[in-house]
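Only one structure is covered here, and it is reproduced in the block below.
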Amino acid sequence: MKRALEEIKEKFQPDRIIIETSGSAFPAPIAWQIREMESSGFHLDAILTVIDCINFCGYEDTSYTARLQAQYTDLILLNKWEHISERQLDIVIDHVNELNTDTPKINVDSNTGINPEV
């Protein structure tokens with residue numbers, strides 16, 4: 001990953017690089033690698049977790065890896081929340097809170113997205 005990030009930086013000089021880890025990836029090793037690259041100009045701003053509210057109750061995972069993911073995040077984004085009932089959203093939030101009650105959760109509107117200042 002280090003070489004890939006350095007190549008992206010060299011070729012494109014981006015202001016920000018977002019790494020999406022899909023599935024059951026554990027973010028800690030990725031965060032550690034990025035922190036090791038601070039002398040090369042890389043900085044870890046935050047670790048975000050995106051919850052698909054439509055499908056979450058069909059595949060929510062309370063495994064060890066899911067618990068680690070949920071605990072090792074700075075912000076939980078609730079996606080597609082406006083497409084389910086208020087009761088269904090309550091159920092999703094209850095399940096997410098079983099994994100992590102402390103991390104802030106934000107409903108992300110599909111039309112407006114999330115404020116970049118967050």
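What the table below lists for this structure:
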{"read-out": "The chain - percent of accessible surface contributed by carbon and sulfur, probe 1.4 Å", "value": "49"}
{"read-out": "Candidate values (i) 1.01; (ii) 0.97; (iii) 1.36, label of the one derived for Rg/Rh (Cα atoms, Kirkwood Rh)", "value": "(i)"}
{"read-out": "Residue 38 - accessible surface, heavy atoms, 1.4 Å probe, Å² rounded to 10", "value": "100"}
{"read-out": "The chain: calculated mean residue ellipticity at 222 nm from DSSP helix runs of at least 4, using -39500 (n - 2.57)", "value": "-11500 deg cm²/dmol"}
{"read-out": "Accessible heavy-atom area order of 72, 64, highest first, probe of 1.4 Å", "value": "64, 72"}
{"read-out": "Whole-number percent relative contact order across the stretch 5-118, with pairs defined as alpha carbons under 8 Å at least 6 apart", "value": "24"}
{"read-out": "Residue 48 long-range amide H proximity, modeled H, under 5 Å", "value": "74"}
{"read-out": "Angle in degrees between helix 27-36 and the longest Cα principal axis of the chain, rounded to the nearest 10", "value": "20"}
{"read-out": "50, 92, reordered so the largest accessible area comes first (probe 1.4 Å)", "value": "50, 92"}
{"read-out": "In order through the stretch 39-45: 3J(HN,Hα) via Karplus (6.51 cos²θ - 1.76 cosθ + 1.60), integer Hz, x for Gly, Pro", "value": "5, 9, x, 9, 9, 8, 7"}
{"read-out": "Residue with peak Gaussian network fluctuation, the chain [Cα springs, cutoff 10 Å], from 84, 47, 30", "value": "84"}
{"read-out": "Accessible solvent surface per residue of the chain, calculated while the other protein chains remain in place, 1.4 angstrom probe, Å²", "value": "70"}
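The values are calculated or read from the model by the stated rules, or taken from the named source; none is laboratory data. Not measured: the values here are computed from a predicted model. Accessible surface is based on the protein model in full, side chains and every heavy atom, while ligands, DNA and RNA are left aside. Shrake-Rupley method; radii C 1.70, N 1.55, O 1.52, S 1.80 Å.
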